[in-house]
Structure formats: structure tokens, C-alpha cells
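Encoded as C-alpha cells, the structure appears first; notes follow it.
Any read-out appearing in this document is the output of simple, stated calculations on the displayed coordinates, not a laboratory observation. Just so you know, these numbers come straight off a predicted model, no measurement behind them. Neighbour counts are summed over all protein chains in view; Cβ atoms, including those assigned to glycine, are modelled from backbone coordinates with ideal geometry.
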Amino acid sequence: MLTRLCDDFGGRLTGSPNNRAALEQLASELRALGLKPEIDAFRLPGWERGADSVELLAPFARPLRVAALSYTQSHAAFDADVADIGAGGTGDYAADMRGKIVLLSPAAALPMRELSRIAVEHGARGILFTDREGGGQLLARTGSFVGEALALPVYSITQEEGTWLQRLLARGRPVRVRMETKSRCREVETANLRLVFPGRSPERVIVGAHFDSWDLGQGALDNGLGTAQLFALAQWLRGRELARTVELVWFNGEEQGLWGSRHAATALGATPVVAMINLDMVGVPIAVNALGDESLVPALERWNAARGDRRLPKGVENINWFGSDHTPYQLAGVRAVTFNAPIPRESVRYYHDFADTIDKLPAQIVVDSTAIIGDVVLALADDASLGAFRRSPADTQKLFTTFGLERRMQATGYWPFP
Ligand SMILES: [Zn+2]
């Protein structure tokens with residue numbers, strides 16, 4: 001299924017015709033199994049990539065290998081000098097960058113919204129962000145979690161070209177470029193795909209994975225892998241007796257700012273939910289993570305202990321993290337689960353890029369990981385000591401502050417608390 005999605009449709013950028021066609025392909029493959037997936041349409045402030053260019057003018061003419069970050073807005077071509085601003089914090093700027101394009105090092109750690117705000121404050125006209133992976137790669141990135149056009153154009157540039165420009169600037173050589181952006185922000189209509197396996201109880205275990213990807217490659221690892229794991233779970237749950245209801249959901253709009261999971265979590269209303277399990281680039285698990293919710297730990301410990309010699313080597317972890325589809329569910333008070341499940345470096349280094357293609361994903365990873373994930377799903381669907389549960393907003397806020405996530409979330413603009 002995933003080979004067909006990757007090779008027949010390519011990257012699944014939310015709002016693109018390829019994304020829509022690939023979602024229809026997935027739905028029709030589920031229907032061929034006798035299942036009844038539901039399309040859950042929604043709208044989001046989206047973005048589409050155009051034929052952008054950043055051309056070197058000095059020290060000599062040559063096109064640069066770049067990719068605009070999402071929510072970079074179209075603008076007419078302009079020429080500008082380039083200046084090195086290192087990690088891009090307030091302290092990294094010389095007084096005036098008026099009219100310049102600033103070059104960011106791979107060490108820049110602030111969210112893009114914050115980096116562009118600081119750049120605009122110093123009068124910059126554009127940003128070139130040096131990639132953290134070598135080998136001519138280009139990392140696509142989330143430009144904004146709030147869906148607004150970036151205040152200035154931001155481009156990812158290969159590590160090799162970024163560090164070359166940096167060396168030229170360090171020797172006082174003038175570097176000048178011409179930048180032109182045709183990519184643009186636009187409202188898009190998209191959909192999540194949902195598949196419900198009714199159990200004896202209406203209480204739900206939700207298992208989600210984002211279906212969308214960046215457009216540069218095929219989105220095989222990020223997150224065709226999760227898409228395939230959900231598909232394998234659907235085959236395995238078919239016709240099975242379940243104590244609780246299991247809902248599988250393929251989200252759209254994750255890469256642009258968790259839009260599909262935000263939509264789904266908002267639409268939950270009073271549905272009783274035991275937990276949400278998020279599969280985003282999950283390899284073969286070495287630990288299961290309760291994401292800071294103490295009340296889930298005993299059930300997960302019991303599950304792992306019952307596995308005998310198949311126990312996960314690192315057992316149960318309990319560390320919250322921000323930035324994928326579990327976050328909107330957590331914000332709705334739902335408990336969430338992820339896995340510590342590293343993907344081999346020779347595959348994972350290509351994520352968000354041209355080379356995130358199906359040849360990097362051994363089928364055995366899908367088989368071995370889904371065996372463990374399915375076992376957790378059944379444990380949560382069966383465990384009589386667990387019930388549906390929603391945290392209070394105050395406890396939810398604490399779930400994020402305890403793990404020091406507040407500042408980063410605020411900087412992205414995705415922080416619903418006062
Ligand atoms: Zn992802």
C-alpha cells in the first residue's frame with residue numbers, strides 16, 4: 001500500500017491534488033478490505049509551493065539549492081547583500097541589517113516565528129537557513145503554527161552552500177543574491193480519514209498518524225511509516241472482538257501546524273476516551289511513553305511485564321514532548337501515548353527532504369513495529385482497571401510546564417493558556 005502511495009502520488013503536501021488523490025487511494029484500499037473509512041473534511045490556512053528561486057549574484061552568478069519554508073509568501077524578485085547572523089538570537093545581530101538577507105547557522109534553535117520576528121526587527125528582508133544535514137539536503141520545516149504568512153521570506157539552504165557563504169563573509173568577501181518567491185499562502189480544504197472498530201463499550205482508544213508529508217520527497221518515513229502502521233492495524237483489527245471501541249485516524253495538515261489533529265481533538269466533544277496513541281515516525285519500539293500522565297503508567301507497566309521475554313528493553317517512560325499530533329489531544333484533556341522507537345540513522349537523516357523515499361524504509365520495520373503497537377492498543381482497549389478520563393485545564397497546563405515546554409509553545413503561538 002505504501003509503495004503505491006509513494007510511487008504513484010509522491011509527496012502528500014496538505015491541500016495539493018496529490019494529497020487528495022493519495023487519500024482516496026488509501027480509502028479505496030481500506031474499502032477493498034471490507035472496511036468503511038469516513039472522510040472528515042475541514043479547512044485550514046494552507047500554503048502551496050511555487051517555482052521559487054534564490055540566485056547568487058556575487059562573487060559570481062549561480063543558482064543556489066534552496067526550499068522555501070511553509071507560509072513563506074510570494075513577492076517580486078529583489079537583490080540584497082547577505083550577512084551572517086549565526087544562531088539568529090537578538091544578541092547575534094550587528095546593529096543594522098536593513099535591506100539584507102541574513103544567513104542562519106544550523107545551530108539556530110528558536111522557533112521560526114521567533115527567528116523571523118527578530119530578523120524583521122533588525123530590518124532584514126529575507127532569511128537563508130543553513131541545513132543541519134550535509135550531502136546537499138534541504139530540510140522542509142514548519143514556518144508557523146498559527147497559519148499566518150511569515151513576515152519575510154525564509155529559505156532552507158544546503159549545509160554545503162550555507163557554510164560556503166559563511167566562509168566568504170568571514171573573509172570580508174561581498175555576497176549578493178537575488179530572491180524571488182512564487183509560493184503562497186492560501187486557505188485549503190482537506191480531510192482526515194477515520195475508521196472506527198466498535199467494541200462492547202463506547203469508550204475509545206484512538207490511534208492516530210499523520211498522513212500528510214512535505215512535498216520535496218515521498219514522505220515515506222515521515223509519515224508514510226505511520227500511515228502504513230495504521231493500515232496494518234486496520235487489517236489486524238478487522239473482525240476482532242473488542243472490549244472498547246478503537247478509532248484509527250489518519251490526520252492531514254500535521255506538517256503545517258497540527259491542523260488535522262486540532263480539528264479532530266476539538267470535534268471530540270464529550271466522547272469518552274481512554275487514551276490517544278500517536279504514531280509519528282515510530283520505528284520498532286524500545287519503550288512506551290506515557291507523556292507525563294502518571295495515571296497511565298501502571299497499566300503500561302502491567303502490559304510490558306506481561307510480555308515476558310518480549311518486554312521492551314527500556315520499559316515505560318513518562319516524558320512529555322511537543323510538536324506532533326498528540327499535543328492537541330493532550331490540550332483537550334485526553335491522555336496520550338507515544339513510543340521511544342528510533343529509526344536507523346541511514347534512513348532518518350533524509351526526513352523532510354527529497355530523499356525521504358520508499359527505498360529508505362525496510363518493510364520489516366512496519367511488520368515488527370506494528371506487532372508491538374497492536375499489542376499496546378489491545379491492552380488499552382481491554383484493561384478493566386482503566387476508564388475514560390479527561391484532565392482539568394489546570395492539570396493540563398501543568399503537564400506542559402512541568403516539562404519546560406511552555407516557552408517553546410508560546411514562541412510558536414500555540415499556547416492556549418493565559
Ligand atoms: Zn511527522
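Counting other beta carbons within 10 Å of each Cβ, put Glu241, Glu160, Glu317 in order, fewest first.
Ranked by crowding around the Cβ, least crowded first: Glu241, Glu160, Glu317.
Most exposed first by the Cβ proxy, i.e. fewest other Cβ within 10 Å, how do Ser201, Ser183 rank?
Least crowded to most crowded, the residues run Ser201, Ser183.
Connecting C-alpha atoms closer than 10 Å in a GNM of the chain, tell me which of Ala32, Ala124, Ala243 has the biggest fluctuation.
In the Gaussian network model the winner is Ala32.
Within a 10 angstrom radius of the beta carbon, how do Arg262, Arg200, Arg345 rank from fewest other beta carbons to most?
Arg345, Arg200, Arg262
Place the peptides 336-343, 174-181 in order of packing, highest mean first, counting for every residue the other Cβ atoms within 10 Å and averaging per peptide.
So the peptides 336-343, 174-181, ranked by packing, come out 336-343, 174-181.
Let me have the relative contact order for segment 50-182, percent, based on Cα pairs under 8 Å that are six or more residues apart.
Here the relative contact order equals 39 percent.
Rounded to the nearest Å, what's the spacing between the alpha carbon centres of segment 33-80 and segment 296-312? Just the number, please.
Using only Cα atoms to place each centre, the spacing works out to 44 Å.
Just grab the label-to-label distance for Ala267 and Ala76, each label 7 Å out from Cα along the Cβ direction, in nm (one decimal).
Taking the two extended label points, one gets 4.3 nm.
Of the DSSP beta bridges with both residues in the chain, give the percent that are antiparallel, rounding to the nearest 5.
Within the chain, antiparallel bridges account for around 55 percent of the total.
With runs of 4+ DSSP H residues as the only contributors, calculate the mean residue ellipticity of the chain at 222 nm using -39,500 (n - 2.57) per run, divided by the residue total and rounded to the nearest 500.
-9000 deg cm²/dmol
Could you tally the net charge around Lys398, taking each other residue with its Cβ under 12 Å from the Cβ of Lys398, Lys/Arg +1 and Asp/Glu -1?
Local net charge: -3.
Within a Cβ distance under 11 Å of Gly333, other residues only, what is the Lys/Arg minus Asp/Glu net charge?
Local charge sum for Gly333: +1.
Relative contact order for segment 203-279: what percent, with Cα pairs under 8 Å and sequence separation of 6 or more?
Reported relative contact order: 52 percent.
Could you give the nm distance between label points at Phe403 and Ile319, where each point is 7 Å from its Cα heading toward the beta carbon?
So the label points at Phe403 and Ile319 sit 1.0 nm apart.
So what's the angle, to the nearest 10 degrees on a 0 to 90 scale, between helix 225-237 and the longest Cα principal axis of the chain?
So the inclination is approximately 10 degrees.
GNM on the chain, C-alpha springs below 10 Å: top fluctuator among Leu296, Leu128, Leu168?
Leu168
For the chain, set up a GNM with springs between Cα atoms under 10 Å and report which of Gly292, Gly199, Gly257 has the largest fluctuation.
Taking springs between Cα atoms under 10 Å, the residue moving most is Gly199.
Using the Cβ atoms and a cut-off under 13 Å, what net charge is assigned to the surroundings of Glu180, where Lys and Arg are +1 and Asp and Glu are -1?
Net charge around Glu180: +1.
Taking N as the number of residues in the chain, what is its alpha-carbon radius of gyration divided by 2.2 N^0.38 Å?
Ratio of Rg to 2.2 N^0.38 Å for the chain: 1.02.
Among 207-219, 19-31, how do they line up by average Cβ neighbours within 10 Å per residue, starting with the highest?
The peptides rank, most packed first, as 207-219, 19-31.
For the residue pair Glu121 and Arg238, what label-to-label distance in nm results when each label sits 7 Å from Cα along the Cα-to-beta-carbon direction?
The two pseudo-label positions are separated by 5.6 nm.
Once the Cβ-Cβ distance between Arg173 and Phe417 is put in as r, and R0 is 51 Å, what FRET efficiency do you end up with, to the nearest 0.05?
Taking R0 as 51 Å, the efficiency between Arg173 and Phe417 is 0.60.
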